[in-house]
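Below you'll find the structure, written out as structure tokens, and then a few comments.
The values are calculated or read from the model by the stated rules, or taken from the named source; none is laboratory data. In this text, all values refer to a predicted model and were calculated from it rather than measured experimentally. Positions of Cβ are generated from backbone atoms using ideal geometry, with glycine treated the same way; all protein chains shown enter the neighbour counts.
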Ligand code: G6P
């Protein structure tokens, strides 16, 4: 393949490739990348012809030769160890991540982190500029790459550029703390369409953009440097059909029974599935369960709690603290309430294959999704899609983007432990007809707002708006 015909009409740019490299004794192994971004964008992209995906392999100084995966051309961007520390662990995950999640942890504003963020964003922009055919569409993703749209437009004014933020865009008082707020806003304004998960977060951006840059606003459109930029709401979805098919398969059914046995055939199974992240509220959730046991409102003898905590960002200090806290709580509950052989809390600090997760979704009577803040939370949607018999109960944080659509969940304020306890008790005792009523309504929404529908609606807005047309937004705002 020559570099000329390697150029793509559609280029996705995200910090991570859809697969990450793991070095094993047998050599390099490619495994699915963590998190909701890849889970949603990968299925949408696999339906497109001749697409490229520009991203990092997860290794320091990894190889940069493009390769094919599931019909998509993957273009690795090389990060040096120091860039991983400053751009990825530093500015992206110890400044922007906590700040955008309502400053749950104090963000660090370090100039050497910022400098690295600028340099790495330029690398991604250059790689995207090379991968894109003339007049191509380039879709840039998430908080790690907010400067890429503007940098790319300077390199390639012929491109149609979209930007989607997967995590919340914070309230103005928080965003305005960032010393480089103008550069970030102007970076995003290099796009033709900027998408957010919820209308509240889209509104936050529309509010701050004119205050820190020369942009002017009119409704959903911002005008900047002679260009119009559509700012819209595009709630992300999952491949619900694939999820449901897997849930119904006989392999999954036998896995469900294996898990049930392993857990000692409990009457009720409660499940949490999260990256091990302080935004996810795992410790408070475990504390809520503990208090329900202490108060005799939940019986540890016939309850099993499964908490899957996928390893994540282990070099960032806030993550080490949350890991220690979760493990202390899980160990404490087991020490007080487990009998030999069967732990009441089954805590796994591991990444499970998707099929095993689906089996756990099938098994769980109650799903606990209680983040303090979350852009969307696709686990909530995966649980709903897996409940093909329409039973089960979802306890869902009001502060997850998914709560906008999944109104029939048992909604909680995750900061209010009494509210979380009441919700868990309600969920455990929810009558089956009521489970069905709620699950059917949520299932419809999850199937309707699929990953493909999400990508199509964003790209339709970009096709229409990126051509420099007058506003006729397809976005739901
Ligand atoms: C969230 C973010 C993604 C990120 C993922 C995994 O879903 O929105 O951008 O890729 O977490 O985090 P990691 O730091 O491992 O890429």
>> If I filter the range 152-166 for residues that are in contact (Cβ under 8 Å) with a residue 40 or more places away in the chain, within 22 Å of residue 94 (Cβ to Cβ) and assigned by TED's automatic domain parsing to the domain that holds residue 228, do I get at least one hit?
In response: yes
>> Cβ-Cβ distance below 8 Å, separation of 6 or more or different chains: which pairs start in the range 370-389 with a residue that is more than 16 Å from residue 274 (Cβ to Cβ) and end on one that is part of a loop (DSSP other than H, G, I, E, B) and away from the ligand (no atom under 12 Å from the Cβ)?
In response: 384/406; 385/238
>> Please go through the range 349-381 and give me each residue that is in a strand (DSSP E or B) and either away from the ligand (no atom under 16 Å from the Cβ) or over 22 Å from residue 326 (Cα atoms) (or both), ordered by number.
In response: 366, 367, 368
>> Whether any residue in the range 83-101 is surrounded by fewer than 15 Cβ atoms within 10 Å (Cβ to Cβ) and either within 22 Å of residue 379 (Cβ to Cβ) or outside the structural domain of residue 372 (by TED's automatic domain parsing) (or both) is what I want to check.
In response: no
>> I need the full set of residues from the range 27-63 which are part of a loop (DSSP other than H, G, I, E, B), on the phi < 0 side of the Ramachandran plot, touching a residue at least 60 places away in the same chain (Cβ under 8 Å) and within 12 Å of the ligand (Cβ to nearest atom), in order please.
In response: 34
> residue 96: within 16 Å of the ligand (Cβ to nearest atom) and at pLDDT 95 or above, yes or no?
Replying inline: yes
> What number of residues within the range 64-80 are more than 16 Å from the ligand (Cβ to nearest atom) and under 18 Å from residue 122 (Cβ atoms)?
Replying inline: 4
> If you check residue 317 against the conditions, is it within 19 Å of residue 105 (Cβ to Cβ), within 16 Å of the ligand (Cβ to nearest atom), loosely packed, with under 14 Cβ neighbours inside 10 Å and modelled with pLDDT under 95?
Replying inline: yes
> Got a sec? Which of 290, 297, 242, 260 is outside any strand (DSSP E or B), modelled with pLDDT under 95 and more than 15 Å from the ligand (Cβ to nearest atom)?
Replying inline: 242
> Quick one: how many residues across the range 132-148 are within 16 Å of the ligand (Cβ to nearest atom) and closer than 18 Å to residue 455 by Cβ?
Replying inline: 5
>> I'm trying to understand the selection: among the residues of the range 195-230, which are without any contact (Cβ under 8 Å) to a residue 40 or more places away in the chain and touching a helix residue (DSSP H, G or I) at 6+ places or on another chain (Cβ under 7 Å)?
In response: 196, 204, 207, 208, 209, 212, 213, 215, 216, 217, 222
>> Given the criteria touching a strand residue (DSSP E or B) at 6+ places or on another chain (Cβ under 8 Å), in a loop (DSSP other than H, G, I, E, B) and more than 16 Å from the ligand (Cβ to nearest atom), does residue 272 qualify?
In response: no
>> Take the residues in the range 15-26 that are more than 19 Å from residue 239 (Cα to Cα) and either in the same structural domain as residue 277 (by TED's automatic domain parsing) or out of contact with any helix residue (DSSP H, G or I) (no Cβ under 6 Å at 6 or more places or on another chain) (or both); name whichever of them is nearest to the ligand (Cβ to nearest atom).
In response: 16
>> Every residue in the range 331-345 that is over 17 Å from residue 286 (Cα atoms), touching a residue at least 24 places away in the same chain (Cβ under 8 Å) and assigned to a loop (DSSP other than H, G, I, E, B), please.
In response: 341
>> Here is a check on your reading of the model: is residue 326 in a helix (DSSP H, G or I), away from the ligand (no atom under 16 Å from the Cβ) and crowded, with 21+ Cβ neighbours inside 10 Å?
In response: yes
> residue 129: away from the ligand (no atom under 15 Å from the Cβ) and surrounded by fewer than 18 Cβ atoms within 10 Å (Cβ to Cβ), yes or no?
Replying inline: no
> So, in the range 150-193, of the ones that are in a strand (DSSP E or B) and under 17 Å from the mean Cα position of the chain (by Cα), which residue ends up surrounded by the most Cβ atoms within 10 Å (Cβ to Cβ)?
Replying inline: 163
